[in-house]
2 protein chains.
Amino acid sequence: MPHTFDPGPVQEPFASLVADYPGTETYPATGFRVEWGPIFHRGRLDGSARLLVIGQDPAQSETIVRRILVGEAGHRTQGLMAKLGITGSYLLVNTYLYSVYGQGAGEQNATNKDIAKYRHRWLDAIFASNQIDAVIALGHLADTAWGTWKKTASGKAVSPAYQHVTHPTQPESSSGGDRTKLKAAIKAMLANWNQALEQLHPLPHPDVSGPLVPYGSNFEADERVEIPEFDVPAGLPAWMRSPRAWSKRVGKTANAKRRNITITIPSGVV
Amino acid sequence: MPHTFDPGPVQEPFASLVADYPGTETYPATGFRVEWGPIFHRGRLDGSARLLVIGQDPAQSETIVRRILVGEAGHRTQGLMAKLGITGSYLLVNTYLYSVYGQGAGEQNATNKDIAKYRHRWLDAIFASNQIDAVIALGHLADTAWGTWKKTASGKAVSPAYQHVTHPTQPESSSGGDRTKLKAAIKAMLANWNQALEQLHPLPHPDVSGPLVPYGSNFEADERVEIPEFDVPAGLPAWMRSPRAWSKRVGKTANAKRRNITITIPSGVV
């Protein structure tokens, strides 16, 4: 059975962009996990993207797969895009190339001009080579990133539909392990997502047409969607794309934890 | 400062080959770590390879980088190739796509026809699209793999220089933690490598010309060579290419260990 895979940023203009990424001179190592390297994107780089999603920053699964939004936030985002009938014609980039070390660093660098400079080169390239119908920002940092670029000359030249939605793992980060709070936060987030979907649906060029099916008060099983094989490098195992968790940062001290990623294949695979 | 990276198998004939890899129907899960996915190659796929190296199977660092021979065996091999003045014009493939689970499985499948079938498609494609001057087999399983292909019609049609050398981590696997045995095994291996180098040097088209500098009785620091940035995917951190170890399989039971890869960034990086 033939497999599909994502070639990654091997064609221009993206090949030159990934060869020229900023390092610690732009992203302070105190606030970003620069030691794990930058992670650039997920989705189409061949000019066929119709929906642009802007996320926040990569976590540990993204660091292994070298594609963004492949963990819990990614599975939820995949489901959100599917509600709009977008099953392949998407391109996802983040506000930050590197994983944020403490949310404070994320907040403090929301308007960092040097960080924005490189991000703007990506947004310029994306809009120059794709016909983007709609943009979704995940969380307020992505909203700021979009708003900042929108004020540039290239940003002013385009007018896709736009929605800023609650970040897909905001419920987890805001509820601090409290199940009741988590449940309420997910419900609130999905209400927020439903509002955005009502504004965006129907998109002019979906991959799959159909009526809008709104979220209920929690995610249904089929609303956390597997990452497609055609989004990841050749040969990656299927469990790395499944909605089951498989990576953690483990360590007894802050330094040990920062230096660690522990991968455990979900049970039942081996 | 611009970075380099390896685009991977995105052009034909290799793009079709990596889309059509064998799975558990060919590689039994009892003998191979099929659950981590296949890992195909390292080096040039653009037709510029002059030296072909055949290794045995990928280990844990290779599973993360998704390129073969990037761990200890890889650093030693990189140094071996450098002795021949080959610093970029190489292509490395393995006898097995998947990590061997117990050396017994490696031995038992040395002449497995289904496994050979896919490997032969790679060797056919490599020789059809490159001018290979020399082939080095690392270990006896690679030697068998080469000998098997050499008897095919495409194998008979080419006659590169050929040397079978001791596998670069044979000293570790044969000495069972005994330091005296390890030292003797490394010395014996390097004597074996020197013999092969004398046969192969000078190659007709080295990247760097110069006299042959043989190994002494142990590796000098500069004889374990960093994996070049242009051999790995875009954005990978430098420590993943350094000769310092950074990955282990950890677990209290055989199953737990098989399901785990633990990454720890070498000290001094963070």
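The values are calculated or read from the model by the stated rules, or taken from the named source; none is laboratory data. Computed from a prediction, not measured in an experiment: that's the story for all the values here. As a convention, Cβ positions derive from the backbone with ideal geometry for all residues, glycine included, and neighbour counts pool all protein chains shown. What goes into the accessible areas is simple: the full protein's heavy atoms, side chains included, and nothing from ligands, DNA or RNA. Shrake-Rupley method; radii C 1.70, N 1.55, O 1.52, S 1.80 Å.
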Mind ordering B:200-213, A:132-145 by average Cβ neighbours within 10 Å, highest first? A:132-145, B:200-213
Student exercise, region A:20-146 dipole from Lys, Arg, Asp, Glu Cβ charges, in Debye to nearest 20: 300
State the percentage of accessible surface on chain A attributable to carbon and sulfur atoms; use a 1.4 Å probe and exclude ligands, DNA and RNA. 53
Convex hull volume of region A:18-109 per residue (C-alpha atoms, cubic angstrom): 103
Take the alpha carbon atoms of region A:10-44, find their center, do the same for region A:134-196, and report the distance between the two centers in whole angstrom. 22
Cα centre as origin, Lys/Arg/Asp/Glu Cβ charges: the protein assembly as shown dipole, Debye: 1320
For the protein assembly as shown, give me the percentage of DSSP beta bridges that are antiparallel, rounded to the nearest 5 percent. 40
Chains B and A: what accessible area do they bury, summed, in square angstrom to the nearest 100, with a 1.4 Å probe? 3200
Rounded if a/c under 1.5, otherwise prolate or oblate - chain A, Cα gyration tensor axes: rounded
Please work out whether region B:149-209 counts as rounded, prolate or oblate from its C-alpha gyration tensor, where a ≥ b ≥ c are the square roots of the eigenvalues and a/c under 1.5 means rounded, while otherwise a/b larger than b/c means prolate and anything else oblate? oblate
Translational diffusion of region A:1-155, µm² s⁻¹ [Kirkwood Rh, Cα pairs; Stokes-Einstein; 4 °C; 1.567 mPa s]: 82
Top positive-direction residue, dipole computed over the protein assembly as shown with Cβ charges, set B:Asn112, A:Gly104, B:Val232: A:Gly104
Going by the alpha-carbon gyration tensor, a ≥ b ≥ c the square roots of its eigenvalues, is region B:178-270 rounded (a/c under 1.5) or, if a/c is not under 1.5, prolate (a/b greater than b/c) versus oblate? oblate
Kindly give the distances from A:Ala19 to its copy-mates, label point to label point, with each label point 7 Å from Cα along Cα→Cβ, as nm values to one decimal ordered shortest first. 2.6
What nm distances, shortest first, do you get from the label point of A:Ser267 to those in the other copies when the point sits 7 angstrom along Cα to Cβ? 3.7
Using a 7 Å offset from Cα along the direction of the beta-carbon, what are the separations from B:Gln103 to the same position in each other copy, nm, ascending? 5.2
Express as a percent, rounded to the nearest 5, the fraction of DSSP beta bridges in chain A (both residues included) that run antiparallel. 30
To the nearest 20 debye, what charge dipole does chain B have about its Cα centre, counting +1 at the Cβ of each Lys and Arg and -1 at the Cβ of each Asp and Glu? 740
Gap separating the Cα centres of region A:50-100 and region B:61-109, nearest whole Å: 32
Could you do me a favour and compute the accessible area per residue for chain B, 1.4 Å probe, result in Å²? 42
Take the Cα atoms of the protein assembly as shown, build their convex hull, and give its volume per residue in Å³. 160
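Kindly work out what percent of the DSSP beta bridges joining two residues of region B:1-146 are antiparallel, to the nearest 5.
Values: 4 of 13 bridges.
Taking every DSSP beta bridge within region B:1-146, about 30 percent pair in antiparallel fashion.
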Can you compute the helix-only [θ] at 222 nm over chain A? Use -39500 (n - 2.57) per DSSP H run of at least 4 residues, normalise by all residues, nearest 500 deg cm²/dmol. -10000 deg cm²/dmol
